[in-house]
Each structure stands twice: as C-alpha cells, then as structure tokens.
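In what follows, a single structure is set out as structure tokens and then discussed.
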Amino acid sequence: QVPLVESGGGLVQAGGSLRLSCAASVSSAIINDMGWYRQAPGQQRELVARIFRLGSTDYGDSAKGRFTISRDSAKNTVYLQMNILKPEDTAIYYCNVNTYTTNYWGQGTQVTVSS
C-alpha cells in the first residue's frame, strides 16, 4: 500500500487557484508533521508549508499570504489551498509526512501556472 496518495495538481492560469490533497495511510498517532514541498526544474526542493501535530503551521516565504495548509485528522489527509497562483509557482509538489521514525514522500503532482 502506497503510504501517501496525492491529488489536485494541474494546469491553471495566473491568478487562479488549486487545492492539493494528500491522504496518508500512516497511523495519525505517530505523525509529527505533514506538509508540502516543491521542486522546479533546476531548483532545489523547498518547503511550501507544513502543519504540526498540535496544529501549528510553517510556511515558506513564497507561500505566505497566498497558500493555506490544513488537515482533516479523521481522514489523515493534508490539504494545500493555493490562491493567486503565479507562473513561478510552477513545480512538482510533493507531500511529506514525518513520523517519529520515518520520513515519507509522495510521488509528486505537477502544478503548472500559465501566464
């Protein structure tokens, strides 16, 4: 069973919105934080946003004010609402889940923002 299943990527025009979802088949009891990273061609993978066990959040500079991370603990799912998308947001977005013993990565979902 794949630990993380991502969905919601796609093509959108600049100024538009997308919502990414990541369902984790990992026990919520051992999850420390869940989040999203992204990697553009030729660039290093960078933090977009993450949400910790008690609900606090952390955003990368590029996401502040435009993106919102949330989670549904009952569904063990983390969401990334992305608004006012810009062409520079184009990247592969990866879900990440940290437990106390293991760091899981999703397969990645492509987000393309056209100008």
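When the residues of region 61-73 are filtered to those that are touching a residue at least 12 places away in the same chain (Cβ under 8 Å) and in a loop (DSSP other than H, G, I, E, B), which remaining residue is nearest to the chain's Cα centre (by Cα)?
Restricting attention to region 61-73, the residues satisfying the condition of being touching a residue at least 12 places away in the same chain (Cβ under 8 Å) are 62-63, 66-71, 73.
Those left that are additionally in a loop (DSSP other than H, G, I, E, B): 62-63, 66, 73.
Details: Ser62: 13, Ala63: 11, Arg66: 13, Ser73: 15 Å.
Result: Ala63.
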Conditions (1) part of a loop (DSSP other than H, G, I, E, B); (2) at pLDDT 95 or above; (3) of a type in the set (S, T, N, Q); number of the one not met by Ser21: (1)
Of all residues making up region 46-58, the number that are within 18 Å of Leu18 (Cα to Cα) and open to solvent by 50 Å² or more (accessible area, probe 1.4 Å): 1
Single residue of Ser56, Ser28 found to be of a type in the set (S, T, N, Q), under 17 Å from Val97 (Cβ atoms) and touching a residue at least 40 places away in the same chain (Cβ under 8 Å): Ser28
Filter result for Arg38 (surrounded by 15 or more Cβ atoms within 10 Å (Cβ to Cβ) and either aromatic (Phe, Trp, Tyr) or without any contact (Cβ under 8 Å) to a residue 40 or more places away in the chain (or both)): no
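Taking region 17-46 as the search range and keeping residues that are within 19 Å of Asp89 (Cα to Cα) and among the hydrophobic types (A, V, I, L, M, F, W, C), which one is nearest to the chain's Cα centre (by Cα)?
So the residue we want is Trp36.
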Close pairs (9 angstrom Cβ cut-off, 6 or more residues apart or separate chains): open to solvent by 60 Å² or more (accessible area, probe 1.4 Å) in region 74-89, of a type in the set (D, E, K, R) and in a loop (DSSP other than H, G, I, E, B) anywhere: Ile84/Arg66; Lys86/Arg66
Looking only at region 68-87, and only at residues there that are in contact with a helix residue (DSSP H, G or I) (Cβ under 9 Å, 6 or more places away or on another chain) and polar (S, T, N, Q), the one that is farthest from Trp105 (Cα to Cα): Ser73
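Condition check ((1) over 11 Å from the mean Cα position of the chain (by Cα); (2) farther than 17 Å from Ser114 by Cα; (3) outside any strand (DSSP E or B)) across all residues:
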site	(1), (2), (3)
Glu6	no, yes, no
Val48	no, yes, no
Ile51	no, yes, no
Lys75	yes, yes, yes
Tyr79	no, yes, no
Ile84	yes, no, yes
Asn96	no, yes, no
Thr101	yes, yes, yes
Close pairs from region 1-24: first under 15 Å from Arg38 (Cβ atoms), partner open to solvent by less than 30 Å² (accessible area, probe 1.4 Å) and of a type in the set (Asp, Glu), Cβ under 6 Å, at least 6 apart: Cys22/Glu6
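The values are calculated or read from the model by the stated rules, or taken from the named source; none is laboratory data. All of these numbers come straight from a predicted model, not from anything done at the bench. Cβ coordinates were reconstructed from backbone atoms using ideal geometry, including for glycine residues, and neighbour counts include every protein chain displayed. Just the protein is used for accessible areas: all its heavy atoms, side chains included, with ligands, DNA and RNA removed. Shrake-Rupley method; radii C 1.70, N 1.55, O 1.52, S 1.80 Å.
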